[in-house]
Amino acid sequence: MDTRYLFKRYNTWWVKMAVPRTLREDLGFDLRESLRTHDLEKAKELRWEVVEKLKIKIERAKELSTTRFELSKTSSAVEIFTPPTDTEDPQYYHKVVDCQHACPAHTPVPEYIRQIAQGNYNEAYMMNWESNVFPGILGRTCDRPCEPACRRTRTHDKPVAICRLKRVTYDYKDDISSLLPDTPNHNGKKIALIGGGPASLTVARDLVLLGYKCVLFEKDHKAGGLMSTNIPSFRLPEKVLDEEVDQILNLGIEQRFNSEITSMKKFLNEDFDAVFIGTGAPKGRDIIIEGREDANKNIHIGIDWLTSIAFEHTKKIGKKVIVLGGGNTAMDCCRTSLRLGAEEVTVAVRSPFEQMKASEWEIEDAMNEDIPILDNHVPKKFITRNNKLVGMEFEKVEAKFDENGKRSLVPTGEDPVIIQCDDVLVAIGQDNAFEWIERDIGIEFGEWDMPIVDKITFQSTNQKIFFGGDAAWGPENIIWAAAHGHQAAISIDKFCNEEDLYERPEPGTTLVSQKMGVHEWSYDNDISQANRLLVPHAEKSIALKDLKMEVELGFDEKMALEEAQRCLNCDIQTVFSEDLCIECDACVDICPTDCINFLSNGSEEEIRENLRIPALNLNQEILVSDTLKQTARVMVKDEDVCLHCGLCAERCPTGAWDMQNFLYQEAKAYT
């Protein structure tokens, strides 16, 4: 599948083009432009016009740079060449491991997938637990930024099912309590965590392992935050959630449930050395249109409605339901409605279908349960009869974009659409709720009434108070909350020890040869040609009758092994030694993707264009060797399409190529 130049953000496809090193001072590291579509096939068609536009921008910058150079050069000619790649920089090989690089928590994906393939589920689970904290939860609910980045999307077709393999580590692990770290003695410092969601839990886990006394304040009767209140049990069983939350709490976290903080000013009088706020984005947006007050009894805010179901306060819904919104919450609302007895559920979205914010798989699951999604429908009014909600009126629109890419929804002029309903669920977005934080305690607020938070340290303008998760910059996925939590914990530890918060710890890395014999490696380097496996689902007719029956059944061990074998082991790096190379070109001949080249040095642009197969994906680096002794050429390898198969190393008669396992571990506060 050809996804050159494409990447996905917030479920929308973008074009991204890396800027040559010589122009980065003028243009930055890359140029990006949204294609304004969720559809990959459409994005593949639209990209080339944008690619050409960005190339022209780069060419113009290059011409300007050349002009400046001509004006400043002396009579001596200057030869432009590309310096040898600095593979000592941990970020170089880290970027080659596309999936891990794309993961906000930088989970070592290929490493734990190999452990799964060997049946070492405990080890695979603990690798995830160290990095993303909630393997069983994320294996069912993660937004999967790793999968669009997977190399197989460029070399084969569909990505490895990374997320569902993460679930395998939970489903098949043993009792891992003996593998969890011991909590050290109290270090005399006391940290408050407001909100019991994934960000706060991550901070608490990382700091308690350093001896901090961590006190968790949660307004509900249990921890978990929106994981426990807004993700239905048919997607995330309560057993999985409680087990992984309790694993953290049982490390020694003091728990104060049913404790809502209503005044930050008053709270700061308590004896805490630092405070972390991870209260999420708990306020669902309402819709104010004609008839809203008259129909109030049967209009429900989506996240509040899901919470009332989680706490078993709501157990039924009307026969005809309309869900407003196109995000993941809307998908959860419509699927939950079916399980509460609704006979007709309709999702109405303002935007075009391809611009819905919900994850593709969430939309797919809803449609597999025969829920219609009406796009380009703008709500105009609620229709009541005898003070009872009976329907809604919608206006049909189409999306129009101006020259700056700004979208407008323009009425088509068609007759209004009337849809009958008994209840309406409003899932059109979420906001933060900081009414409880006074504005005279040193915390500055900016746009959208959000706290001003440093994106490196997660510290607010009140040095003692830190934010993370949805509370910092608005709604994101659980994996982002875990990543925020790790970084905030580092900052809190530094703050409590009066250290510079901007001196961030370096990641841990190792690079170890996998050679076991002349043609034998300690990893399975056979390239699987199997298609991506589909996750088995429960029988629909049964699942729709049970609110707590998990729909996705997960891989069995045989399927997990087969899917794990699709991984290309991108963390097994091809390490080149110039002093051993005799330039016989044997590696060039055997490379299945023609990504190895020997040629004269030049500018990066010239090198990329002169490879046997031009390196067109500027988002991935090229590996450039030092000048070779015999011919003064350089070895250049396009990292973008390397299969990490090891054939170059097997064929090399002098051992100039070696396959070495690169393990990158993001620093934690306790490491």
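A few points about this structure:
- Only Lys, Arg (+1) and Asp, Glu (-1) charged, at Cβ; segment 212-324 dipole about Cα centre in debye: 520 debye
- Sulfur and carbon atoms: percent of accessible area, the chain [1.4 Å]: 48 percent
- Expressed to the nearest 5 percent, the antiparallel share of DSSP beta bridges inside the chain is 65 percent.
- A dipole drawn for the chain from +1 and -1 charges on Cβ atoms has a positive end, and of Thr461, Met126, Asn661 the residue lying farthest that way is Thr461.
- Solvent exposure ordering (accessible area, 1.4 Å, most first) of Asp638, Asp493, Asp175: Asp175, Asp493, Asp638
- Segment Tyr502-Arg385, extension gain: residue separation times 0.36 nm, minus the distance between their alpha carbons: 36.0 nm
- Sequence of Lys283, Lys297 from largest to smallest accessible area, 1.4 Å probe: Lys297, Lys283
- Top positive-direction residue, dipole computed over the chain with Cβ charges, set Leu623, Phe382, Tyr172: Phe382
- Rounded FRET efficiency, nearest 0.05, which uses the C-beta distance separating Glu59 from Ile613 and R0 of 22 Å: 0.50
- Accessible area of Glu344 in the full protein assembly, 1.4 Å probe (Å², nearest 10): 100 Å²
- Residue order for Leu6, Leu534 - accessible surface, 1.4 angstrom probe, largest first: Leu534, Leu6
- Volume per residue of the convex hull around the Cα atoms, evaluated for segment 202-338, comes out as 140 Å³.
- Compared with the dominant principal axis of the Cα atoms in the chain, helix 328-339 is inclined by about 50°.
- Projecting the Cα atoms of Tyr112, Gln573, Asn531 onto the charge dipole of the chain (Cβ charges, centred on the Cα centre) puts Asn531 farthest toward the positive pole.
- For the set Lys42/Lys668; Lys388/Lys545; Lys266/Lys455, the pairs lying more than 31 angstrom apart at their alpha carbons are Lys42/Lys668.
- Sequence-distant contacts, meaning Cα pairs under 8 Å at least 6 residues apart, place the relative contact order of segment 436-571 at 13 percent.
- A 1.4 Å probe run over segment 165-212, with the rest of the protein chains in place, finds 34 Å² accessible per residue.
- Evaluated at q = 0.12, 0.17, 0.18 Å⁻¹, the base-10 log of the normalised Debye intensity for segment 377-482, with identical point scatterers placed on the Cα atoms, takes the values -0.73, -0.90, -0.92.
- Rounded to 0.05, the FRET efficiency of the Asn185 and Phe81 pair, given R0 = 56 Å and the Cβ-Cβ distance, is 0.45.
- Nearest 10 degrees, 0 to 90: helix 40-72 Cα axis against the chain principal axis: 50 degrees
- The heavy atoms of Cys214 present about 0 square angstrom of accessible area, all protein chains included, probe 1.4 Å.
- Dipole check for the chain: with +1 at the C-beta of Lys and Arg, -1 at the C-beta of Asp and Glu, and the Cα centre as origin, the magnitude is about 1340 Debye.
- Here semi-axes √(5λ) of the Cα gyration tensor in Å was calculated from the structure, and among (1) 40, 30, 24; (2) 45, 31, 27; (3) 49, 36, 27 it sits at label (2).
- Value at 222 nm in deg cm²/dmol, rounded to 500, when DSSP H runs of n ≥ 4 in the chain each add -39,500 (n - 2.57): -8500 deg cm²/dmol
- Of interest is the spacing of the C-alpha centroids, which for segment 494-508 and segment 598-670 amounts to 34 Å.
- Distance between segment 509-560 and segment 317-357 - C-alpha centres, whole angstrom: 31 Å
- Taken as Cα centroids, segment 240-283 and segment 426-473 sit 16 Å apart, rounded to the nearest whole angstrom.
- For Glu33, the solvent-accessible surface computed with a 1.4 Å probe is close to 50 Å², ligands and nucleic acids excluded.
The values are calculated or read from the model by the stated rules, or taken from the named source; none is laboratory data. As the structure is a prediction and not an experimental result, all values here were calculated from the model. Reconstructed Cβ throughout: ideal geometry from the backbone, glycine too, with neighbour counts over all protein chains shown. Surface accessibility is based on the protein's heavy atoms, side chains included, excluding ligands, DNA and RNA. Shrake-Rupley method; radii C 1.70, N 1.55, O 1.52, S 1.80 Å.
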